[in-house]
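Student: Take a look at the following structure, please.
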Amino acid sequence: MLESSSDKIKFAPIKEVDYKKPVSKSKNYTLINDIQPLEWYCHNDSETGYQHTISNKTDGGRGLFRVMKKSMETRVETQTLYFTDLHTGLCGFVQLLYSTVMGGIYKGFQLNFKVFGSESNNTDFDVWESFKLDDIAEFQPLKFVSRNVIFEFLSNKNEKLGSIGQLSIKCDLPTCNNTIQNLKIDLLVDLFQGFKMNPNGCNYYFDKQISTSDEFVSSDKMIRHVFVPRGKCNGNISYDKKLNSGDFQNKNISLTDVPVVYLDAVQGLLPNKAASKWNFLCFQSENYSVLAIEFTTPRDHDNVTVTVWSITEKNKLISIGSSVQSPKRHVRFRATSTDKESGWVYPTSIKFPGGFSEHDLRLVNRYDVLGELPSMVRSLAQKIVSIKPFIYQYCQPSKYKHEKGISIVESTFIS
């Protein structure tokens, strides 16, 4: 019997999870109770090329076409720590990014660092910078060492605290750029229980339609996430920030038992091929964490919306949910505004699954991703590739279950 077109797909998302079921009662996700599942997914790429091959093999072409096809392959992995200081209102992230593009012709690491306040009158510490990392001394599944940065997972469990291990981040960048100097980071993070959706946290993309009856398909073209929705961070961050006068002023941030989120994300195809838009939430309070991430695939991959969220109470996961093509369990913009320059309609009030809403979003950054490109290159990208990527970032005091906290929200529009 011939298969109908409805039995064919070009996008295989993660499994759906009923958020009402008790944690650990679903086979559609895997709980993370030690640091091993937090290792770099792309570690093998750095040595021997892609190791996660397409199972539904087709003829990839021969000769020059195959070489050209390989040269278009790209993969980016980020390991990100979001911190939210409930006492000072200071928030931000430290992110280590690994990228391999053009089939591995270029490979490199980058440190991304951002600090912002949750109140409009607290902008003295605001900074957002990226630094290319050279002189890589060691890159292991759970450890990265360069001349200026150490990013390492430690198997130091604390059963009394409930931690599955620790993350240590050390950074010493004496000469940074014209905006900040002398960036020093020394953080030790206790990580609590995490999770990844099955299969292996991955949503797979295919160039040609495949049969929905094949349950074991996979592809190098994927979006993958691993979540640790709650942790506690201790340590210090300091840097010299350039003032309008041209002088530099030292900024010192001391973090004591500050709640954090850790997120590992892998993208195995170009951003405009992976998603047309994204939404993200990180809410932290004294007792609760609410984490959510959502993306919608481009038209070439069926315009599918995938949403994942979790709720943590007193450092323990109490709810995990995911939705594919179920509008009632997707992110909703409750009020919007139109960006006159970009044309994007961005949220001013938003509702996430898991029972979290923010009615008064405070925009802390509006970022034109192509803004730093020459005008001619930018125009070509917008017309030929049909992309106009903008990121809208928000941070504000929020409430969840009547408990005060701070939320970080991002809405990204690509195509």
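Student: Set Lys and Arg Cβ to +1 and Asp and Glu Cβ to -1, take the dipole of the chain about its Cα centre, and tell me which of 398, 164, 36 lies farthest positive.
Tutor: Of the options given, the answer is 398.
Student: Still on this structure: Per residue of the stretch 391-406, in order, report the coupling 6.51 cos²θ - 1.76 cosθ + 1.60 (Karplus, θ = phi - 60°) as ³J(HN,Hα) in whole Hz, putting x for Gly and Pro.
Tutor: 10, 10, 10, 10, 8, 6, x, 9, 10, 9, 6, 6, 9, 6, x, 9
Student: Hey, another quick one. Within the chain, which is the longest segment containing none of the trypsin sites (Lys or Arg not before Pro) that sit in a DSSP loop and have at most 15 other Cβ atoms within 10 Å?
Tutor: It runs 161-313.
Student: Suppose every K and R has +1 on its Cβ and every D and E has -1 on its Cβ; what is the size of the dipole of the chain about the Cα centre, in Debye to the nearest 20?
Tutor: Value, rounded to 20: 1000 debye.
Student: With only alpha-carbon pairs counted, each pair once and no self-pairs, how large is the Kirkwood hydrodynamic radius of the chain in angstroms?
Tutor: With all distinct Cα pairs of the chain included, I get 22.4 Å.
Student: Compute the signed sum of charges (Lys and Arg +1, Asp and Glu -1) over the other residues within less than 14 Å, Cβ to Cβ, of residue 187.
Tutor: Residues near residue 187 contribute -3 overall.
Student: So what is the 222 nm mean residue ellipticity for the chain from helices alone, if each DSSP H run of at least 4 adds -39500 (n - 2.57) and you divide by all residues, rounding to the nearest 500 deg cm²/dmol?
Tutor: Dividing the helical sum by the residues of the chain leaves -1500 deg cm²/dmol.
Student: Next question, about the same structure. Over what distance in Å are the Cα centres of the stretch 240-283 and the stretch 183-237 separated?
Tutor: 17
A short reminder: the numbers here are calculations on the coordinates, not readings from a lab. The structure displayed is predicted, hence computed values, not measured ones. FYI the Cβ positions are ideal-geometry reconstructions off the backbone, even for glycines, and counts take in every protein chain you see.
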